[in-house]
Amino acid sequence: MFLCVMSLFVTFTVCKSFPSRDVYTNHWAVRVSGGPREADRLASKYGYTNLGQIGSLVDHYHFHHSKVVRRSAFSTTGNHIFIRMDPKVDWIQQQVIKRRVKRSARSDLDMLTFNDPRWSSMWYIHCGDKSHRCRSEMNIMAAWQRGYTGKNVVVSILDDGIEKNHTDLAQNYDPLASFDINGNDHDPTPRYDPTNENKHGTRCAGEVAAVSNNSHCTVGIAHHARIGGIRMLDGDVTDLVEAKSLGIQPDYIDIYSASWGPDDDGMTVDGPGPLAKQAFELAAKKGRKGKGSIFVWASGNGGRRGDHCSCDGYTNSIYTISVSSTTESGTMPWYLESCASTLASTYSSGETYHRKIVTTDLRQRCTEGHTGTSVSAPMVAGIIALALEANPLLTWRDVQHLLVTTSRPAHLKAHDWKTNAAGHKVSHLYGFGLVDAEAMVLEAQTWRTVPPQHTCTEASDNRPRYIRPDQLLRVSMNSTGCSEQPDQKVVYLEHVVVRVTIAHPRRGDLQISLVSPSGTHSQLLAKRQFDNSKEGFRNWEIMTVHCWGEHATGLWTLEIKESPSRLRIVHKPCPPHPGKLKEWTLILYGTSDHPYNRLSHLHTSVAETPRPEQQLEEPEEDEYDGPCHPECEKQGCNGPSAEHCLNCVHFSLESHQAGRMCVSHCPLGYFEDKAVRRCKRCRPGCERCVGWAAGECHACRKGLYLHDDSNTCIPGCPLGYYADDVHRQCQKCHTNCRACRLDSERCTDCNEGYSLSGMMCVPKCASGMFFNLEEMACLPCHDSCSSCTGPGREDCVQCAANFLQEEWMCVPTCSQGYYPDHTTGSLPTTCQKCEEQCLNCSGPGITCTNCREGYSLVGGACIINNSCNNADEIFCEMVKSNRLCEKKLFREFCCKTCFIAG
């Protein structure tokens, strides 16, 4: 009897899975109409503190309650119920902590020249190292050689902070593109600890915008771009925190790069909450002054756990550019996830014998060990920055189209490369292929904005269907592409989203695919070995880009297959619960016009207006007695066209080439003189005007700009103005700016008494002072700094007299294990690190004067245990004769020859 009871208990334990509990915080998101004052009043009334608007979300506020437990397994009740009942509160949500992991891969065990020392190791940009078979298919150097380095483009890293005073970042650091969500201030400096846990953001920032030719570390892909950091991962991550982060300076920051997401453990299904979803959509519609913010996202590192990035709602969003990785040999890295939402790929790390990525690291250091898809997102962000420099008018959708049309399969190895019906090669591992920077900037130069995005949501199919083990369930839906609704009509596809609700006893056993009307097969979900959840999918959206450019109309087929795992087969006592597809919806995103081959809808100029057919001399005919053109007045006409009118209903247009004709509106380059009902020419260079006078021009022809003050058309804007390419006007710079570009706030030069801080002109501070953006005042640097970015000794940019730069701070004398570097002049300015085993040294190389414990000093080098022998006498003589003793490896093999023998 006891054994039977125990057997039933074990069976129950195996069959029932307990989902992990949510952790509730003492922060609330609240939607309140009536503005900030009303929000403050409500917060005070119920004992909360209003911490301000949530990013760019209007009427959404961040409330905090200091008397509620900071973390709790249960949502808060009691007095907090009353605020929900207040009629002024439209919506309220207590914030839940969301697990987010940085996507750097753990180890497998758990032409142009630059003086930057790690330049030679940047194999993914150039092939200077002849000892390896390297490739440069991303063509980054070719884009540089065309003059594009990211100038006037702003990129921000959403992560654990960036080391803003790092020698390779300080020159390009932009305080206006930075914020500390975790600390609620403007300083994104990471929190330092002995393990350097918060190095991730600094590493990603260096990939994008590390300064070139400064004799330090590495070179960023967009090494003249502005770089900022949003510190938001070093604390509790909630929906509110993510929404705030996505809404920082949307009109100032061009590109946001994120290399994190839900846990890549092969069992999690998670994505942005309601606030973050709104923030994504708002940024796409209104960010960059209507052109749309650009979000670049790492696709995930769950390959070893069999994860699938369709279970990640961030990479699955139409608003993000999901980026994958490949090794230097074009093979699939061990951490890579396969999914249909991936747009493009870059090089990254692979097995232990593959080379990794070079970038900046914490404490003023560099690393050659950056890994995973974390590498790929900032790489693509840097390449997009080059394209935005080539064409600042690109929208967020233009950028995605550019990636689709210019990325190439190159030598990337995948079994599933296919060509869709629009002619694009695409793979579930690599999207449309390896990013090509040169092709991107060349296309961007002449790119025409794609037609408006249309969204066609087909009626949901909510007829339940059972999912039987080892049987393929096929359900189909015939789409018209919403052809009957012009504002929703989709002819040419971009993103395709399937929204599903599925009940299932073990979610990881499901495989889902979608077949387009053209026959393109997208794997929306693969089996996940570790996903034992019984929760199934509830209104979960899965996105594919594999149908990009295809026609939307026709039969769409959803295929679902269940392959029971060994776990379910072994534990037969569990009662069988067949899976069920409860509902599915097809959402098509695209355009009604072809995105690339559109005919011009511009007005035909008068010079291009076809001339009336010349009549041959014929015998005189009877008077014309047919119908007149609608633009002809009641006096009649002598022919059927607008050129045959005797008088005009609206306006008469005359030119030497086209003769005289009646029109309803005057074309570009003319204004309407209503007194005489004639179209008259504007002044030369003017495209729209209300009269001939110099001040009556309202818009200029292409290549000319309207000067605000004089209302005249000029080829270039004067100092103190910037060229607004959208409205073709010269707009005034900010009063502090001497010159600016693209925006009145993006200063490139300052008036007397001001200096640049990022792209903002702030009052110039005296030597030894810095401008504090929060207090809007000049404050003193630390005593050891002659110039700085903040008050601490770690914020020094240059050291004061009699101080030396050592690692990330200024010191009066070099510390133990460092030596003063005289290579820059007679007076040293920096302290360099001695050889690894030296306690003290007098210079670089073999110049040790004291050794660490366990080592002995032999000829300026520290040798372990007093042993100094040769591995092979003949080999060591060759080492010495070829002057290879300077190399550490040869010194270890040939200690006796290199040191004792002189």
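The values are calculated or read from the model by the stated rules, or taken from the named source; none is laboratory data. No experiment lies behind these values; they were computed from the predicted model shown. Don't worry about glycine lacking a Cβ; one is built from the backbone with ideal geometry, like all the others, and counts go over all protein chains shown.
Things worth noting here:
- All positions within the range 36-62 that are outside any strand (DSSP E or B) and in contact with a Phe, Trp or Tyr (Cβ under 7 Å, 6 or more places away or on another chain): A39, A43, Y46, Y48, I54
- Taken residue by residue, the range 394-403 has no member that is touching a Lys or Arg at 6+ places or on another chain (Cβ under 6 Å), of a type in the set (V, I, T), surrounded by fewer than 23 Cβ atoms within 10 Å (Cβ to Cβ) and within 23 Å of T520 (Cβ to Cβ).
- Per the listing R37, R70, the residue uniquely modelled with pLDDT of 90 or more, over 30 Å from H354 (Cα atoms), among the basic types (K, R) and not assigned by TED's automatic domain parsing to the domain that holds H354 is R37.
- Extreme residue, farthest from the chain's Cα centre (by Cα), among residues of the range 252-271 that are over 19 Å from V375 (Cβ atoms) and buried (at least 24 other Cβ atoms within 10 Å of the Cβ): I253
- Qualifying residue in the range 325-332 (condition: crowded, with 24+ Cβ neighbours inside 10 Å, part of a loop (DSSP other than H, G, I, E, B) and hydroxyl-bearing (S, T, Y)): no
- Whichever residue in the range 849-859 is crowded, with 16+ Cβ neighbours inside 10 Å and within 50 Å of the chain's Cα centre (by Cα) and, among such residues, is modelled with the lowest pLDDT: Y855
- Residue that is surrounded by the most Cβ atoms within 10 Å (Cβ to Cβ), among those in the range 404-436 that are among the hydroxyl-bearing types (S, T, Y) and part of a loop (DSSP other than H, G, I, E, B): Y430
- Among residues of the range 52-74 that are of a type in the set (D, E), those with a Cβ under 9 angstrom from a residue that is at pLDDT below 95 and assigned to a loop (DSSP other than H, G, I, E, B), sequence gap 6+ or separate chain, pair up as D59/S33; D59/G34.
- Condition met for G266 (assigned to a loop (DSSP other than H, G, I, E, B) and in contact with an Asp or Glu (Cβ under 6 Å, 6 or more places away or on another chain)): yes
- The range 476-495 - residue that is outside any loop (DSSP other than H, G, I, E, B) and among the hydrophobic types (A, V, I, L, M, F, W, C) and, of those, nearest to C456 (Cα to Cα): L493
- Check on E458, within 20 Å of M379 (Cα to Cα) and of a type in the set (D, E, K, R): no
- Where strands (runs of 3 or more DSSP E) fall entirely within the range 665-734, those with at least 3 residues that are over 30 Å from P392 (Cα atoms) are at 670-673, 678-681.
- Odd one out for D307, checked against (1) part of a loop (DSSP other than H, G, I, E, B); (2) touching a strand residue (DSSP E or B) at 6+ places or on another chain (Cβ under 8 Å); (3) surrounded by 24 or more Cβ atoms within 10 Å (Cβ to Cβ): (2)
- Among the candidates P517, P505, residue that is more than 30 Å from the chain's Cα centre (by Cα), under 28 Å from F530 (Cβ atoms) and not small (G, A, S): P505
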